[in-house]
1. Using a Gaussian network model of the chain whose springs link C-alpha atoms within less than 10 Å, name the residue from GLY44, GLY52, GLY26 with the highest mean-square fluctuation.
2. Return the calculated 222 nm mean residue ellipticity for the chain, to the nearest 500 deg cm²/dmol, obtained by summing -39500 (n - 2.57) across DSSP H runs with n ≥ 4 and dividing by the residue count.
3. Once the Cα atoms of helix 15-38 and of the chain are each reduced to a long axis, what angle between those two axes, in degrees from 0 to 90 to the nearest 10, is obtained?
4. Arrange the peptides 96-103, 73-80 so that the one whose residues have, on average, the most other Cβ atoms within 10 Å appears first.
5. Using Cα atoms only, what is the angle between the long axis of helix 57-75 and the major principal axis of the chain, expressed in degrees (0 to 90) to the nearest 10?
6. At q = 0.10, 0.13 Å⁻¹, what is the log10 ratio I(q)/I(0) for the chain, with the Debye formula run over Cα points and no solvent?
7. Where does helix 81-106 land angle-wise versus the long Cα axis of the chain, in degrees 0 to 90, nearest 10?
8. Determine the relative contact order of the stretch 14-106: mean sequence separation of Cα pairs under 8 Å and six or more apart, normalised by residue count, in whole percent.
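Taken together, the values in this text are just the output of simple stated rules run on the coordinates, not laboratory data. Computed from a prediction, not measured in an experiment: that's the story for all the values here. Cβ sites come from the backbone with ideal geometry, for glycine too, and all protein chains shown count toward neighbours.
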Amino acid sequence: MKKAGLSLVLSSVSGAFVAVLYVVFGLADLWFSLIAFRFGVPEGNPFLALMGEHGLFVPAKLALTGVAALLISRLYYRPRVQMLCWSALLAMMAVDAYHVVNLNARL
């Protein structure tokens, strides 16, 4: 059976590429978060906020981003996982866009 449309496009992209994109957007989120903290904006993720209280925000963020990227690269070609991987990537892009808009409003 032939794949069509979005399924064909998603299956033609490698999991490693999606994982690298996730890392890029995750690092951008880290950078934007650190800038936002200087303006007094609190962390929105409760787990990362707790880690930040103990001085572990950056290592926790890097670890979570790395684990997510590793899972994306390893599981990308399993049935029904591609859409989940792309959803995670879109969510990270939305978080970065949120940072840009809010930081722009504060400047």
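1. GLY44
2. My calculation for the chain gives -26500 deg cm²/dmol from helical runs alone.
3. 10 degrees
4. Final packing ranking: 96-103, 73-80.
5. Tilt relative to the chain: about 0 degrees.
6. -0.34, -0.54
7. Relative to the chain, helix 81-106 is tipped by roughly 30 degrees.
8. 50 percent
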